[in-house]
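Contents: one structure, followed by commentary.
The values are calculated or read from the model by the stated rules, or taken from the named source; none is laboratory data. Please read all numbers here as calculations on a predicted model, not as lab measurements. Virtual Cβ from ideal backbone geometry, glycine too; neighbours counted across all protein chains shown. Just the protein is used for accessible areas: all its heavy atoms, side chains included, with ligands, DNA and RNA removed. Shrake-Rupley method; radii C 1.70, N 1.55, O 1.52, S 1.80 Å.
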Amino acid sequence: MDSRSKRIFIIGSGPSIAKQNLNVLKNEEVILLNGSCILIKQLALKEATLVISDDSFIQKRSRLLNEVLKYVQESGSKIRLCFSFRVLRAFLKEKILLPEGAKIFLFEELLPDVVVQSQASLNIYDYKQRIERNDVTMKIFSSFDKAGVFHCGSVMTVGIQIAAFLGYEEVYLLGFDIGNSNQPRFYEKEGDQVRSGLLADYETGILPFMLLASAWFMKNNRKIFNCSPSTLLPYEVVPYLDFGLFSNE
(Lines give C-alpha, C1' and ligand atoms only; values in the text may rest on other atoms or scores of the structure.)
Protein backbone atom coordinates (compact mmCIF):
# COMPACT_ATOMS: atom_id res chain seq x y z
CA MET A 1 0.00 0.00 0.00
CA ASP A 2 1.05 3.57 -0.52
CA SER A 3 -0.16 7.05 0.44
CA ARG A 4 -0.80 9.73 -2.17
CA SER A 5 -1.41 12.68 0.15
CA LYS A 6 -0.06 14.00 3.43
CA ARG A 7 -3.42 13.66 5.21
CA ILE A 8 -6.03 10.96 5.73
CA PHE A 9 -9.56 10.92 7.19
CA ILE A 10 -10.57 7.81 9.14
CA ILE A 11 -14.34 7.40 9.37
CA GLY A 12 -15.93 5.43 12.19
CA SER A 13 -19.60 4.66 12.75
CA GLY A 14 -20.56 6.97 15.61
CA PRO A 15 -23.94 8.76 15.53
CA SER A 16 -22.18 12.13 15.16
CA ILE A 17 -21.37 11.27 11.53
CA ALA A 18 -25.02 11.96 10.64
CA LYS A 19 -24.52 15.62 11.61
CA GLN A 20 -21.32 16.16 9.63
CA ASN A 21 -21.12 17.57 6.10
CA LEU A 22 -19.05 14.85 4.49
CA ASN A 23 -19.07 16.13 0.92
CA VAL A 24 -15.53 17.42 1.36
CA LEU A 25 -14.34 13.82 1.57
CA LYS A 26 -14.95 13.32 -2.16
CA ASN A 27 -11.55 14.87 -2.82
CA GLU A 28 -9.72 13.38 0.14
CA GLU A 29 -8.05 10.10 0.99
CA VAL A 30 -10.26 8.15 3.37
CA ILE A 31 -10.18 5.01 5.44
CA LEU A 32 -13.67 3.66 6.07
CA LEU A 33 -14.24 1.35 9.03
CA ASN A 34 -16.85 -1.42 8.98
CA GLY A 35 -20.32 0.05 8.34
CA SER A 36 -19.04 3.45 7.26
CA CYS A 37 -18.38 1.68 3.96
CA ILE A 38 -21.92 2.83 3.07
CA LEU A 39 -20.38 6.26 2.43
CA ILE A 40 -18.76 4.90 -0.74
CA LYS A 41 -22.24 4.77 -2.23
CA GLN A 42 -23.79 7.74 -0.43
CA LEU A 43 -20.97 10.11 -1.41
CA ALA A 44 -20.18 8.41 -4.74
CA LEU A 45 -16.54 8.12 -3.72
CA LYS A 46 -14.21 7.31 -6.59
CA GLU A 47 -11.73 5.58 -4.30
CA ALA A 48 -11.44 4.54 -0.67
CA THR A 49 -9.75 2.13 1.71
CA LEU A 50 -12.09 -0.16 3.65
CA VAL A 51 -10.82 -1.73 6.87
CA ILE A 52 -12.72 -4.59 8.51
CA SER A 53 -11.20 -6.46 11.44
CA ASP A 54 -14.26 -8.08 12.99
CA ASP A 55 -15.81 -11.15 11.36
CA SER A 56 -19.08 -10.57 13.25
CA PHE A 57 -19.63 -7.46 11.11
CA ILE A 58 -19.59 -9.67 8.00
CA GLN A 59 -22.12 -12.03 9.54
CA LYS A 60 -24.49 -9.34 10.82
CA ARG A 61 -24.19 -6.78 8.02
CA SER A 62 -23.68 -8.92 4.92
CA ARG A 63 -26.62 -7.24 3.17
CA LEU A 64 -25.15 -3.77 3.66
CA LEU A 65 -21.72 -4.97 2.54
CA ASN A 66 -23.10 -6.66 -0.57
CA GLU A 67 -24.94 -3.45 -1.46
CA VAL A 68 -21.76 -1.40 -1.21
CA LEU A 69 -19.58 -3.87 -3.10
CA LYS A 70 -22.16 -4.12 -5.87
CA TYR A 71 -22.02 -0.35 -6.22
CA VAL A 72 -18.23 -0.47 -6.36
CA GLN A 73 -18.39 -3.08 -9.10
CA GLU A 74 -20.92 -1.15 -11.18
CA SER A 75 -19.41 2.32 -10.70
CA GLY A 76 -15.81 1.31 -11.21
CA SER A 77 -14.72 2.91 -7.96
CA LYS A 78 -11.24 2.01 -6.80
CA ILE A 79 -11.21 0.30 -3.44
CA ARG A 80 -8.52 -1.14 -1.22
CA LEU A 81 -9.75 -3.83 1.15
CA CYS A 82 -7.82 -4.39 4.38
CA PHE A 83 -8.89 -7.53 6.22
CA SER A 84 -7.78 -9.64 9.11
CA PHE A 85 -7.52 -13.32 8.25
CA ARG A 86 -10.68 -14.17 10.19
CA VAL A 87 -12.58 -11.57 8.15
CA LEU A 88 -11.37 -13.19 4.92
CA ARG A 89 -12.68 -16.53 6.19
CA ALA A 90 -16.04 -14.87 6.93
CA PHE A 91 -16.15 -13.47 3.38
CA LEU A 92 -15.67 -16.95 1.98
CA LYS A 93 -18.20 -18.47 4.37
CA GLU A 94 -20.88 -15.89 3.54
CA LYS A 95 -20.01 -16.17 -0.19
CA ILE A 96 -19.63 -12.42 -0.56
CA LEU A 97 -18.30 -11.53 -4.00
CA LEU A 98 -15.45 -9.05 -4.17
CA PRO A 99 -15.37 -6.40 -6.91
CA GLU A 100 -13.11 -7.05 -9.87
CA GLY A 101 -9.88 -5.11 -9.60
CA ALA A 102 -10.17 -4.54 -5.86
CA LYS A 103 -6.81 -4.64 -4.11
CA ILE A 104 -6.83 -6.84 -1.04
CA PHE A 105 -4.39 -6.48 1.85
CA LEU A 106 -4.35 -8.97 4.72
CA PHE A 107 -3.01 -8.30 8.19
CA GLU A 108 -2.33 -10.48 11.18
CA GLU A 109 -4.44 -9.38 14.14
CA LEU A 110 -2.75 -9.38 17.52
CA LEU A 111 -4.18 -8.93 20.99
CA PRO A 112 -2.93 -6.00 23.08
CA ASP A 113 -0.03 -7.01 25.28
CA VAL A 114 0.71 -6.05 28.85
CA VAL A 115 2.69 -3.00 27.68
CA VAL A 116 -0.50 -1.44 26.37
CA GLN A 117 -2.83 -2.51 29.14
CA SER A 118 -0.51 -1.22 31.85
CA GLN A 119 -0.96 2.33 30.60
CA ALA A 120 -4.62 2.40 31.70
CA SER A 121 -3.63 3.22 35.27
CA LEU A 122 -1.80 6.41 34.25
CA ASN A 123 -3.60 9.72 34.23
CA ILE A 124 -3.06 11.95 31.20
CA TYR A 125 -0.64 14.33 32.90
CA ASP A 126 1.58 11.59 34.36
CA TYR A 127 1.61 9.97 30.95
CA LYS A 128 2.78 13.15 29.22
CA GLN A 129 5.63 13.43 31.73
CA ARG A 130 6.70 9.89 30.89
CA ILE A 131 6.68 10.81 27.20
CA GLU A 132 9.00 13.74 27.91
CA ARG A 133 11.36 11.42 29.78
CA ASN A 134 11.27 9.08 26.77
CA ASP A 135 9.98 6.32 29.04
CA VAL A 136 7.13 5.04 26.84
CA THR A 137 7.33 1.83 24.84
CA MET A 138 6.24 2.30 21.22
CA LYS A 139 6.08 -1.39 20.40
CA ILE A 140 2.57 -1.11 18.95
CA PHE A 141 3.74 1.13 16.12
CA SER A 142 7.31 -0.07 15.64
CA SER A 143 6.36 -3.72 14.99
CA PHE A 144 3.46 -3.20 12.56
CA ASP A 145 5.25 -4.42 9.43
CA LYS A 146 6.93 -7.30 11.25
CA ALA A 147 4.23 -8.66 13.54
CA GLY A 148 0.79 -7.36 12.63
CA VAL A 149 -1.94 -5.06 13.89
CA PHE A 150 -2.90 -4.78 17.53
CA HIS A 151 -6.68 -4.73 18.04
CA CYS A 152 -7.36 -2.61 21.11
CA GLY A 153 -11.12 -2.62 21.50
CA SER A 154 -12.14 -0.69 18.37
CA VAL A 155 -11.53 -1.01 14.64
CA MET A 156 -10.51 2.66 14.84
CA THR A 157 -7.31 1.54 16.58
CA VAL A 158 -6.56 -0.67 13.56
CA GLY A 159 -7.23 2.18 11.12
CA ILE A 160 -4.87 4.49 13.03
CA GLN A 161 -2.07 1.94 12.91
CA ILE A 162 -2.52 1.53 9.15
CA ALA A 163 -2.48 5.31 8.63
CA ALA A 164 0.69 5.58 10.73
CA PHE A 165 2.40 2.78 8.84
CA LEU A 166 1.57 4.40 5.49
CA GLY A 167 3.26 7.59 6.57
CA TYR A 168 0.41 10.10 6.65
CA GLU A 169 1.52 13.31 8.34
CA GLU A 170 -1.99 14.33 9.42
CA VAL A 171 -4.72 11.95 10.59
CA TYR A 172 -8.29 13.08 11.27
CA LEU A 173 -10.79 10.88 13.12
CA LEU A 174 -14.55 11.13 12.52
CA GLY A 175 -17.36 9.23 14.19
CA PHE A 176 -15.14 8.23 17.12
CA ASP A 177 -17.85 8.99 19.69
CA ILE A 178 -17.60 5.94 22.00
CA GLY A 179 -19.74 7.39 24.81
CA ASN A 180 -23.01 7.17 22.86
CA SER A 181 -22.40 3.63 21.61
CA ASN A 182 -25.75 2.61 23.12
CA GLN A 183 -27.38 4.66 20.35
CA PRO A 184 -27.74 3.43 16.75
CA ARG A 185 -24.70 3.90 14.53
CA PHE A 186 -25.16 6.56 11.86
CA TYR A 187 -26.16 3.93 9.30
CA GLU A 188 -28.48 2.01 11.65
CA LYS A 189 -32.13 2.53 12.52
CA GLU A 190 -33.93 2.09 15.82
CA GLY A 191 -34.72 -1.59 16.26
CA ASP A 192 -32.00 -2.63 13.80
CA GLN A 193 -29.05 -2.03 16.05
CA VAL A 194 -26.10 -4.37 16.62
CA ARG A 195 -24.75 -4.35 20.16
CA SER A 196 -21.50 -2.43 20.67
CA GLY A 197 -18.68 -3.38 23.02
CA LEU A 198 -16.89 -0.02 22.94
CA LEU A 199 -17.78 1.02 26.49
CA ALA A 200 -16.68 -2.33 27.90
CA ASP A 201 -13.28 -2.05 26.16
CA TYR A 202 -12.70 1.65 26.74
CA GLU A 203 -10.63 1.60 29.95
CA THR A 204 -8.52 -1.48 29.17
CA GLY A 205 -8.08 -1.11 25.41
CA ILE A 206 -9.20 2.06 23.65
CA LEU A 207 -7.95 4.70 26.09
CA PRO A 208 -4.51 3.09 26.65
CA PHE A 209 -4.07 2.71 22.89
CA MET A 210 -5.03 6.32 22.19
CA LEU A 211 -2.53 7.50 24.81
CA LEU A 212 0.17 5.52 23.01
CA ALA A 213 -1.01 6.79 19.61
CA SER A 214 -0.96 10.41 20.79
CA ALA A 215 2.56 9.92 22.12
CA TRP A 216 3.78 8.26 18.93
CA PHE A 217 2.38 10.95 16.65
CA MET A 218 3.90 13.69 18.79
CA LYS A 219 7.33 12.06 18.96
CA ASN A 220 7.36 11.58 15.18
CA ASN A 221 6.28 15.14 14.39
CA ARG A 222 2.94 14.03 12.98
CA LYS A 223 -0.54 15.26 13.85
CA ILE A 224 -3.71 13.44 14.91
CA PHE A 225 -7.05 15.12 15.61
CA ASN A 226 -10.45 13.96 16.82
CA CYS A 227 -13.16 15.61 14.72
CA SER A 228 -16.02 14.07 16.70
CA PRO A 229 -17.91 16.93 18.43
CA SER A 230 -19.12 14.53 21.12
CA THR A 231 -16.74 11.88 22.40
CA LEU A 232 -15.81 9.95 25.53
CA LEU A 233 -12.13 10.26 24.66
CA PRO A 234 -10.70 13.36 26.42
CA TYR A 235 -9.49 16.06 24.06
CA GLU A 236 -6.37 16.25 26.25
CA VAL A 237 -5.43 12.89 24.73
CA VAL A 238 -6.29 13.65 21.10
CA PRO A 239 -7.11 17.33 20.44
CA TYR A 240 -10.41 18.33 18.86
CA LEU A 241 -10.62 19.95 15.43
CA ASP A 242 -13.87 21.20 13.92
CA PHE A 243 -14.44 19.18 10.74
CA GLY A 244 -16.45 22.07 9.33
CA LEU A 245 -13.20 23.98 8.80
CA PHE A 246 -12.40 21.77 5.83
CA SER A 247 -15.46 23.04 4.02
CA ASN A 248 -13.83 26.48 3.90
CA GLU A 249 -10.64 25.34 2.19
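Pairs over the 21 Å Cα-Cα cut-off, from the set K6/K219; K19/K223; K70/K103: K19/K223.
Going highest first, how would you order 8-14, 63-69, 240-246 by mean Cβ packing within 10 Å?
8-14, 63-69, 240-246
Summed over the residues of segment 9-58 and divided among them, the accessible surface reaches 33 Å² per residue at a probe radius of 1.4 Å.
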